Amino acid sequence: MGIYEILRRSAEKKDASEYIAVLDEDYEFYRHQTGTTMNKEKISIMLDRMMSNPEVVISQPRCIYENEEILVEHSLMDFPDGSREAVMAVHTIQDGKIIRTETGATLLQ
């Protein structure tokens, strides 16, 4: 099973631990919207909160491309404040784990 399928399945089940398990110990998350980064510990806290909140909804997920070095995915996300974004995520893969993720989001009206 590819990493995309693991991420998609964990989002459907709202199981943050399954998602976190594919992150490398040296993982870094870079958010282009704000220019901020998070390590595995911080992203794990965020994933737990997001996946436990029924008002955070991921829809129309799709894999754009995946191989042993990179995964590119796109989805729509609804948030508790009523906002909706189109989110593109690019994951760099190293030794079968995600070592870095960069995201870009477009606010939808």
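Read-outs throughout are calculated quantities, based only on the coordinates presented, and are distinct from any laboratory measurement. Because the structure is predicted, anything quoted here is derived from the model rather than measured. Cβ atoms come from the backbone with ideal geometry, glycine included; neighbour counts cover every protein chain shown.
If you take the residues of region 74-103 that are among the small types (Gly, Ala, Ser) and surrounded by 15 or more Cβ atoms within 10 Å (Cβ to Cβ), which of them is nearest to the chain's Cα centre (by Cα)?
So, considering only residues that are among the small types (Gly, Ala, Ser) and surrounded by 15 or more Cβ atoms within 10 Å (Cβ to Cβ), the one nearest to the chain's Cα centre (by Cα) is Ala89.
When the residues of region 21-66 are filtered to those that are touching a Phe, Trp or Tyr at 6+ places or on another chain (Cβ under 9 Å) and β-branched (Val, Ile, Thr), which remaining residue is surrounded by the fewest Cβ atoms within 10 Å (Cβ to Cβ)?
Selected residue: Thr36.
Between a residue in region 16-41 that is touching a residue at least 24 places away in the same chain (Cβ under 8 Å) and farther than 19 Å from Gly96 by Cβ and any residue that is among the aliphatic types (A, V, I, L, M) and part of a loop (DSSP other than H, G, I, E, B), which pairs come within a Cβ distance under 9 Å, given they are 6 or more apart or on different chains?
none
For Glu5, only one of the following conditions fails: (1) touching a residue at least 40 places away in the same chain (Cβ under 8 Å); (2) within 13 Å of the chain's Cα centre (by Cα); (3) surrounded by fewer than 12 Cβ atoms within 10 Å (Cβ to Cβ). What is its number?
It fails just one condition, (1).
Does region 92-109 hold any residues that are farther than 18 Å from Gln60 by Cβ and not aliphatic (A, V, I, L, M), and which are they?
Of region 92-109, the ones farther than 18 Å from Gln60 by Cβ are 92-102.
The answer is Thr92, Gln94, Asp95, Gly96, Lys97, Arg100, Thr101, Glu102.
Based on what the data block shows, is Glu12 under 25 Å from Asn67 (Cβ atoms), without any contact (Cβ under 8 Å) to a residue 24 or more places away in the chain and out of contact with any helix residue (DSSP H, G or I) (no Cβ under 8 Å at 6 or more places or on another chain)? Walk me through how you get there before you give the answer.
Numbers: under 25 Å from Asn67 (Cβ atoms): yes; without any contact (Cβ under 8 Å) to a residue 24 or more places away in the chain: yes; out of contact with any helix residue (DSSP H, G or I) (no Cβ under 8 Å at 6 or more places or on another chain): yes.
The answer is yes for Glu12.
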